[in-house]
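Report on one structure; see the data block that follows.
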Amino acid sequence: MKQFSYKNTQIAYTDQGKGSTIFLLHGFLENLSMWHVIAPHLAKKNRVVCVDLLGHGQSSCLGYVHTMEDQADMIHALMSHLRLRKISLVGHSMGGYIALAFAELYPDHVRKLVLINSSARPDSAERQLNRDRAIKAVKQNSDLFIQLAVSNLFMPERLKKHQVAVNQLIKDAKKTPTQGVIAALEGMKIRPDREVLLHFGPYPKLLIAGEHDTIIPISEVKSQVETTDTKLVILECGHMATIEAEQDVIEKLTAFFK
Ligand code: MLT
């Protein structure tokens with residue numbers, strides 16, 4: 001694990017392999033260890049940087065709201081620190097929102113873009129209300145909130161099959177500081193619409209979606225990539241394609257980065 005100092009906070013990251021660089025961005029309540037199987041596969045032919053996002057894993061909090069742009073600025077600073085000019089980004093869920101914010105802020109630095117179980121659309125009014133409810137729940141009992149939130153990410157009938165991974169996710173998620181959890185919820189709540197990037201982003205774009213994803217419904221994903229040149233791959237899984245359909249995700253990413 002490496003450390004990078006950013007605006008007086010510590011950012012943890014890993015750096016492996018050689019070649020054109022891919023940044024892997026985890027989702028809400030996750031940390032860079034979620035890529036422990038996928039990263040070495042990609043690192044056979046690429047340099048792969050996995051980052052603990054602000055307020056997650058071993059990276060500190062920067063404030064009480066971590067906007068997607070704050071996170072993207074941190075990724076840009078890390079990219080510059082590593083003396084890289086262009087990177088590919090792969091983001092899972094919130095990591096995808098951040099990859100899109102990076103692509104909007106720093107289009108010249110993007111080589112390829114992959115969203116996994118993610119969306120370019122903003123929160124609906126209902127979803128924003130749910131964020132506020134979630135913030136209340138976290139303040140009341142963070143562990144209980146995390147337990148429920150993580151279990152909801154999987155297809156219910158697959159929960160048993162992935163019990164070990166689910167338990168590990170819950171264990172890791174419980175280490176996320178309450179400030180980090182709330183700052184991420186506040187940040188996701190106010191993220192803008194970035195659908196235009198799926199239409200006009202001048203780099204190859206791939207969206208990997210879960211047929212049974214309850215957080216990012218498949219109908220919403222289909223309608224946003226329609227009439228764009230973004231490639232859509234739909235897998236038989238819920239919100240955690242990286243665990244539920246790990247081998248498929250590895251195959252699709254390997255092919256995309258060939
Ligand atoms: C995530 O997995 O990063 C979040 O569930 C995404 C979200 O809540 O919108």
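Whenever a residue of the range 67-92 is closer than 18 Å to P192 by Cβ and modelled with pLDDT under 95, it has no partner that is of a type outside the set (V, I, T) and open to solvent by 10 Å² or more (accessible area, probe 1.4 Å) lying with C-beta atoms less than 8 angstrom away and at least six residues away or across chains. Selection over the range 222-244 of residues that are over 16 Å from the mean Cα position of the chain (by Cα) and in contact (Cβ under 8 Å) with a residue 24 or more places away in the chain gives a count of 13. Yes or no: V110 of a type in the set (A, V, I, L, M, F, W, C), away from the ligand (no atom under 16 Å from the Cβ) and within 20 Å of V166 (Cα to Cα)? For V110, the condition - of a type in the set (A, V, I, L, M, F, W, C), away from the ligand (no atom under 16 Å from the Cβ) and within 20 Å of V166 (Cα to Cα) - is not met. Taking R83, is it surrounded by fewer than 21 Cβ atoms within 10 Å (Cβ to Cβ) and at positive phi? So R83 fits the description; yes.
When residues in the range 58-80 are screened for being open to solvent by 10 Å² or more (accessible area, probe 1.4 Å), under 24 Å from S20 (Cα atoms) and among the hydrophobic types (A, V, I, L, M, F, W, C), 1 of them pass. Selection within the range 20-47: residues that are over 15 Å from the mean Cα position of the chain (by Cα) and not basic (K, R). The member of this set that is farthest from H109 (Cα to Cα) is V37. Which numbered condition trips up L129, out of (1) under 12 Å from L29 (Cβ atoms); (2) part of a helix (DSSP H, G or I)? Checking L129 against (1) under 12 Å from L29 (Cβ atoms); (2) part of a helix (DSSP H, G or I), the one that fails is (1).
The residues of the range 46-87 that are among the hydroxyl-bearing types (S, T, Y) and more than 17 Å from T14 (Cα to Cα), listed by number, are Y64, T67.
Across the range 73-100, the qualifying residues are those that are in a helix (DSSP H, G or I) and touching a Phe, Trp or Tyr at 6+ places or on another chain (Cβ under 7 Å), and the one among them that is farthest from the ligand (Cβ to nearest atom) is H81. Going by what's in this entry, would D123 be described as acidic (D, E), more than 16 Å from the ligand (Cβ to nearest atom) and either in contact with a Ser or Thr (Cβ under 6 Å, 6 or more places away or on another chain) or at pLDDT 95 or above (or both)? No. The set of residues in the range 8-37 that are farther than 14 Å from I87 by Cβ, open to solvent by less than 30 Å² (accessible area, probe 1.4 Å), within 16 Å of the ligand (Cβ to nearest atom) and not in a loop (DSSP other than H, G, I, E, B) comprises L32, W35. Under the condition of being of a type in the set (K, R) and in contact with a strand residue (DSSP E or B) (Cβ under 6 Å, 6 or more places away or on another chain), the residues counted in the range 190-207 number 1.
Of all the criteria given as (1) open to solvent by less than 30 Å² (accessible area, probe 1.4 Å); (2) not in a helix (DSSP H, G or I), the one not satisfied by I215 is (1). The set of residues in the range 38-58 being in contact with a helix residue (DSSP H, G or I) (Cβ under 6 Å, 6 or more places away or on another chain), of a type outside the set (A, V, I, L, M) and more than 16 Å from the ligand (Cβ to nearest atom) consists of H41 alone.
The values are calculated or read from the model by the stated rules, or taken from the named source; none is laboratory data. Given the structure is predicted, the values throughout are model-derived calculations rather than measurements. As a convention, Cβ positions derive from the backbone with ideal geometry for all residues, glycine included, and neighbour counts pool all protein chains shown. Remember, those area values only see protein heavy atoms, side chains included, never the ligands or the DNA or RNA. Shrake-Rupley method; radii C 1.70, N 1.55, O 1.52, S 1.80 Å.
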